[in-house]
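A.B. asks: Take this structure, written in structure tokens, and hold onto it; I'll ask about it next.
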Amino acid sequence: MENKSWTVVYRNRWTNQTVTAAVLAPTLEEATRQARANAEVNGCKNWRIESIEPHEETLARILITEFAKEQEGGHFACPRCGKMAMDTESVTRNALSRRATVYICDACGTEEALEDMLGNRMPLVAWAIAQTPELWRCE
Ligand SMILES: [Zn+2]
């Protein structure tokens, strides 16, 4: 299997500080094993793995976080489904995503709640904004 790039976030159990690192591995299991091994090699017993996600997912999260800063000042499509389905009176009247700090349309808010119930989450890379980021740069 081909290696993929994974983003690992470690958190220090005493200071609460976080550190981000990368590992190359074909699967999440292998990435987790490597991340643990790397922490041990460095004698980092106080660091626990907080999260491991595909690198594309991290990039999508950064993109969405950047967009969230603009969101309050303009009328944009829903970043998750890409439809002009947002309440435009005030962005805060829309649903707050459970996946990132950004507002999404009510239909997407409901979908995310259902995903959590079914335990099957849509990755951030599948969001409309991650697939066509250039469309979100202009109003
Ligand atoms: Zn939506």
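A.B. asks: Based on the alpha carbon coordinates of region 62-136, what radius of gyration and maximum Cα-Cα distance (Dmax) apply, in Å?
C.D. replies: For region 62-136, the Cα-based Rg and Dmax read 11.5, 34 Å.
A.B. asks: Glu57: net charge of surrounding residues, Cβ under 11 Å, Lys/Arg +1, Asp/Glu -1, itself excluded? Mind showing how you got there, number by number?
C.D. replies: Values: positive: Lys4, Arg61, Arg99, Arg121; negative: Glu53, Glu56.
Summing Lys/Arg as +1 and Asp/Glu as -1 gives +2.
A.B. asks: Applying a 10 Å radius around every beta-carbon, put 74-82, 29-37 in order of their mean neighbour count, most first.
C.D. replies: 74-82, 29-37
A.B. asks: Using the Cα atoms of the chain, I'd like the radius of gyration and the largest Cα-Cα distance, Dmax, both in angstrom.
C.D. replies: 17.5, 54
A.B. asks: Could you list which residues have their amide H under 5 Å from that of Ala95, counting only those 5 or more apart in sequence or on another chain, with H placed in the peptide plane?
C.D. replies: Amide H neighbours of Ala95, under 5 Å, 5+ apart: Ile104, Asp106.
A.B. asks: Further, regarding this structure: Using just the helices of the chain, give the 222 nm mean residue ellipticity in deg cm²/dmol: DSSP H runs with n ≥ 4 each add -39,500 (n - 2.57), and the total is spread over all residues, rounded to 500. Write out the running numbers ahead of the final one.
C.D. replies: On the way: 4 runs with 48 residues, N = 139.
So the helix-based figure for the chain works out to -10500 deg cm²/dmol.
We did not get these values from a lab; they are worked out from the coordinates using the rules stated. All values derive from a computational prediction rather than experimental measurement. Note: ideal-geometry Cβ built from the backbone for every residue, glycine included; neighbour counts use all protein chains shown.
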